[in-house]
Every structure is written in C-alpha cells, then in structure tokens.
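Participant: What follows is a structure written as structure tokens; I'll ask about it next.
The values are calculated or read from the model by the stated rules, or taken from the named source; none is laboratory data. Because the structure is predicted, anything quoted here is derived from the model rather than measured. Here the Cβ positions follow ideal geometry from the backbone for every residue, glycine too, while neighbour counts run over all protein chains shown. Ligands, DNA and RNA are excluded from the accessible area calculation, which covers all protein heavy atoms including side chains. Shrake-Rupley method; radii C 1.70, N 1.55, O 1.52, S 1.80 Å.
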Amino acid sequence: MIEIRGDHVLLRGFRPEEVAVALERMQTPPATEMDEAATAERRERLERSGERNGWEIMLAVEADGRLVGDVQGRCPRFALPPGVWELGIELWDAADRGRGIGRETVALLSSHLFDGENAIRVQATTDVDNVSMRRVLEVLGFDFEGVLHGFMPDAAGPPRDYAMYGVTRGAWGAR
C-alpha cells in the first residue's frame, strides 16, 4: 500500500467507511451526472485505492487527521507515452483551499511519481480561471505549456478552456 506522509498531509488509500463519502463528495464529474455504470466504476477505483492499479494511483488526501479530498496520478497506456503521468486533485470544501494542502499534495505525489514510479514527466491541467491551482503548479516548478481550448465539458455552457502545465524529471530534481 502506498502511504505518503508530508508535514500536514497524508496521502493514502481510502478506508472502506470513506468510500460512500468520497462518492458523494467527488466533483469531477458530479455524482448527479454519472450513470449507474460510471458510479460502479468509481466505487471500484476507490475500493482499490492506495496502490497502483494498472494506469492509476488514486489516494485519499488527509490533512490534520481529516479526509479533505482525493488525488490521482494517471498514466493510461496508449493515451500517454511511457513514463508520462498526469495529476488530478480535488479538495472538496472551499475552506480547505488556500491553506497549502493542495501544494503539499501535488508536491508529495509528484515526488513519488518521479522517485517511485520512474516518471520522466508529470503534467497537470486546470481551468484557465483557476488562479490558485495555476499558482500552485508554477510555485512547484511546473511550466505553463499552453491552453487546451474547449477541453473540459461543462453542463452549464460550452466546454471550458484548460491550462496545461508540465515538469520533467530533470527540472523537478533541480528545483
């Protein structure tokens, strides 16, 4: 089982009693927009969290003893080159954002991917208007690489533009 401990954050598998909470709280996509098959798939991913399961490492984000979100490292075979990982992170409550939890989570998982999973590159995307996440990525040494136009579907309107960030093994080690 993967367990990554930082100063204020612990990344670990979801406990059985947390799966229902995570299903309810995860926002991308919202549970209300998922059909039965997608919900079952997400439940299975949560139940297998805490270890590498083929293309993904899914972990619970615990901060100061509380479950506050989820994070994934993804390297889907045939979708990304070998050694390239993509990050996804959600902090479920606005009150937990802006406190350094996201920064520490991204740093911990990125280090694990480079050191433990032989990553050559880690990348992340975020909504172009998500100034806080963009700042986190830049502070950690990720380079802004461009805008993915019309990237993320949005039930409230047209697809959203996303900013692409990436960092290589060499750049991560030199920071």
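Participant: Please specify each residue of the stretch 146-175 satisfying the condition of being closer than 14 Å to residue 126 by Cβ and among the aromatic types (Phe, Trp, Tyr).
Facilitator: 151, 162, 165
Participant: I would also like to ask the following. Cβ-Cβ distance below 6 Å, separation of 6 or more or different chains: which pairs start in the stretch 78-91 with a residue that is in contact (Cβ under 8 Å) with a residue 60 or more places away in the chain and end on one that is open to solvent by less than 20 Å² (accessible area, probe 1.4 Å) and not aliphatic (A, V, I, L, M)?
Facilitator: Final answer for the pair search is 88/72; 90/69; 90/70.
Participant: For the structure I just gave you, tell me whether residue 136 is within 15 Å of the chain's Cα centre (by Cα) and outside any strand (DSSP E or B).
Facilitator: Values: within 15 Å of the chain's Cα centre (by Cα): yes; outside any strand (DSSP E or B): yes.
Yes, satisfied.
Participant: Residues that are at pLDDT below 95, open to solvent by 50 Å² or more (accessible area, probe 1.4 Å) and of a type in the set (Lys, Arg): does the stretch 35-42 have at least one? Lay out the reasoning, then the answer.
Facilitator: Applying the first criterion (at pLDDT below 95) to the stretch 35-42 yields 35-42.
Of the ones still in play, those that are also open to solvent by 50 Å² or more (accessible area, probe 1.4 Å) are 35-37, 40-41.
Add one more test, that the residue is of a type in the set (Lys, Arg), and what stays is none.
No, there is no match, as no residue in the stretch 35-42 is at pLDDT below 95, open to solvent by 50 Å² or more (accessible area, probe 1.4 Å) and of a type in the set (Lys, Arg).
A quick yes/no check of all residues on (1) in contact with a helix residue (DSSP H, G or I) (Cβ under 8 Å, 6 or more places away or on another chain); (2) on the phi > 0 side of the Ramachandran plot; (3) surrounded by fewer than 16 Cβ atoms within 10 Å (Cβ to Cβ):
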{"site": "17", "(1), (2), (3)": "no, no, yes"}
{"site": "22", "(1), (2), (3)": "yes, no, no"}
{"site": "25", "(1), (2), (3)": "no, no, no"}
{"site": "63", "(1), (2), (3)": "yes, no, no"}
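Participant: Sticking with this structure for a sec: Kindly check whether there is at least one residue in the stretch 114-132 that is at positive phi and exposed (fewer than 15 other Cβ atoms within 10 Å of the Cβ). Working first, answer last.
Facilitator: Our first condition is that a residue be at positive phi; within the stretch 114-132, this holds for 118.
Of the ones still in play, those that are also exposed (fewer than 15 other Cβ atoms within 10 Å of the Cβ) are 118.
Checking the stretch 114-132: at least one residue is at positive phi and exposed (fewer than 15 other Cβ atoms within 10 Å of the Cβ).
Participant: If the Cβ limit is 9 Å and pairs must be 6+ apart or interchain, which residue in the stretch 147-173 that is farther than 15 Å from residue 129 by Cβ pairs with which residue that is loosely packed, with under 12 Cβ neighbours inside 10 Å?
Facilitator: Listed by first residue and then by second, the contacts come to 155/30; 155/33; 167/175; 169/118.
Participant: Now for a different question. Please enumerate the residues belonging to the stretch 95-119 that are farther than 23 Å from residue 151 by Cβ and either assigned to a loop (DSSP other than H, G, I, E, B) or hydrophobic (A, V, I, L, M, F, W, C) (or both).
Facilitator: Passing the criteria: 95, 98, 99, 100, 101, 107, 108, 114, 117, 118.
Participant: Can you give me the number of residues within the stretch 144-168 that are surrounded by fewer than 17 Cβ atoms within 10 Å (Cβ to Cβ) and either in a loop (DSSP other than H, G, I, E, B) or among the polar types (S, T, N, Q) (or both)?
Facilitator: Within the stretch 144-168, residues that are surrounded by fewer than 17 Cβ atoms within 10 Å (Cβ to Cβ) and either in a loop (DSSP other than H, G, I, E, B) or among the polar types (S, T, N, Q) (or both) number 2.
Participant: In this structure, does residue 97 turn out to be without any contact (Cβ under 8 Å) to a residue 40 or more places away in the chain, under 18 Å from residue 72 (Cα atoms), surrounded by fewer than 19 Cβ atoms within 10 Å (Cβ to Cβ) and among the charged types (D, E, K, R)? Even if it seems obvious, please write down each step before you answer.
Facilitator: Numbers: without any contact (Cβ under 8 Å) to a residue 40 or more places away in the chain: yes; under 18 Å from residue 72 (Cα atoms): yes; surrounded by fewer than 19 Cβ atoms within 10 Å (Cβ to Cβ): yes; among the charged types (D, E, K, R): yes.
Criteria met by residue 97.
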